[in-house]
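> Have a look at the structure that comes next, please.
The values are calculated or read from the model by the stated rules, or taken from the named source; none is laboratory data. Being a predicted model, the structure only gives us computed values, none of them experimental. Reconstructed Cβ throughout: ideal geometry from the backbone, glycine too, with neighbour counts over all protein chains shown. Ligands, DNA and RNA are excluded from the accessible area calculation, which covers all protein heavy atoms including side chains. Shrake-Rupley method; radii C 1.70, N 1.55, O 1.52, S 1.80 Å.
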Amino acid sequence: MIIEKVLNNNVLLTKNQKGKEVIVMGRGISFNKVAGDYVDPEKIDKIFMLNENEFTARLTELLNDIPVTHLELANEIVTYANGVLGTELSDNIYLTLTDHIHFAVQRHEKGIMLKNAMLFEIKRFYKKEFSIGMDALKFIERTTGLSLGEDEAGFIALHLVNARMDGSEMKSTMKMTEIVQNIINIVTYHYNVVLDETSLNYSRFLTHLQYFAMRVLRKETNNSGEEFLYNQVKSTYVKAFECATKINGYLESSYGQTLSKDEYVYLTIHIQRVTERNSLQ
């Protein structure tokens, strides 16, 4: 590959073997390089294909308007997050997170501090992502000299959550968090207890609710269910089943969706486990 344009020491514009324009990132990949030089393949960390879809077109447009260092910051945060979470985040986060970092830096320089209305829920439901967000603030401060608050860590955490959920819109992620919060509130009030958020059962319950909420928003219905198991759970875990029925009422009134027999079973079992006082941790 031949360099077409050096964006900075770590980012350049070139073409791949098929003649398609790509943005290439790598530490020091453009250092002392000019247009016409060869790209060192051993220094390539990330390649973004251009002119292929809306994402890459928007990324190209974004890089024309903001410092490339903000893309580098996003890349550093995503690389770090992938290692901590043990996953591969959607490429779309390079666009959304870069844009957010740029906007956050601009706001901070103007003395505009946005409050994150969902900070409490983010800290509670997405602890790993929030912890990464707090570390991301250190990366940002090291590069820009700006010390951002934990509200921004919460916003970054939401971008990470969003990227783990197949790149859905941020609005959907926030709605999903609201559904999870409302269901936990129903369980809390039904049992009149404070759930142990450090327990393994709570962690399992939370994971189940997050993916369940995502299915609700996508209107993915599951009408299957074994009648025998459904009736067995209903008679064995009476109070938990009653709680699941309240949750069903909430979903029906708010989203026009009802629980299938399978969902009733799984939800009832999770509720039973998370509310047991002497459950195994």
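> Using the structure shown, decide if residue 171 is open to solvent by 30 Å² or more (accessible area, probe 1.4 Å) and in contact with a Gly (Cβ under 9 Å, 6 or more places away or on another chain).
no
> Are any residues in region 1-41 in a loop (DSSP other than H, G, I, E, B), surrounded by 13 or more Cβ atoms within 10 Å (Cβ to Cβ) and β-branched (Val, Ile, Thr), and if so, which ones?
29, 39
> Let me confirm something: among 29, 112, 47, which residue is more than 14 Å from residue 152 (Cα to Cα), of a type outside the set (Gly, Ala, Ser) and at pLDDT below 80?
Going through 29, 112, 47 in turn, just one is more than 14 Å from residue 152 (Cα to Cα), of a type outside the set (Gly, Ala, Ser) and at pLDDT below 80: 47.
> Touching a Lys or Arg at 6+ places or on another chain (Cβ under 8 Å) and part of a helix (DSSP H, G or I): which single residue out of 230, 202, 189 fits that description?
Of 230, 202, 189, the one residue that is touching a Lys or Arg at 6+ places or on another chain (Cβ under 8 Å) and part of a helix (DSSP H, G or I) is 230.
> Based on this model, can you work out whether residue 84 counts as under 25 Å from residue 25 (Cβ atoms), of a type outside the set (Gly, Ala, Ser), open to solvent by 50 Å² or more (accessible area, probe 1.4 Å) and modelled with pLDDT of 85 or more?
It is true that residue 84 is under 25 Å from residue 25 (Cβ atoms), of a type outside the set (Gly, Ala, Ser), open to solvent by 50 Å² or more (accessible area, probe 1.4 Å) and modelled with pLDDT of 85 or more.
> Anything in region 89-117 that is among the charged types (D, E, K, R) and either closer than 21 Å to residue 11 by Cα or surrounded by 14 or more Cβ atoms within 10 Å (Cβ to Cβ) (or both)? List them, or say none.
Matches in region 89-117: 91, 99, 107.
> Can you name the residue in region 42-51 that is out of contact with any helix residue (DSSP H, G or I) (no Cβ under 6 Å at 6 or more places or on another chain) and among the aliphatic types (A, V, I, L, M) and is also least open to solvent (accessible area, probe 1.4 Å) among such residues?
Filtering region 42-51 for residues that are out of contact with any helix residue (DSSP H, G or I) (no Cβ under 6 Å at 6 or more places or on another chain) and among the aliphatic types (A, V, I, L, M), the one least open to solvent (accessible area, probe 1.4 Å) comes out as 44.
> Does region 131-144 contain any residue that is crowded, with 19+ Cβ neighbours inside 10 Å and either without any contact (Cβ under 8 Å) to a residue 24 or more places away in the chain or of a type in the set (Lys, Arg) (or both)?
Within region 131-144, one or more residues are crowded, with 19+ Cβ neighbours inside 10 Å and either without any contact (Cβ under 8 Å) to a residue 24 or more places away in the chain or of a type in the set (Lys, Arg) (or both).
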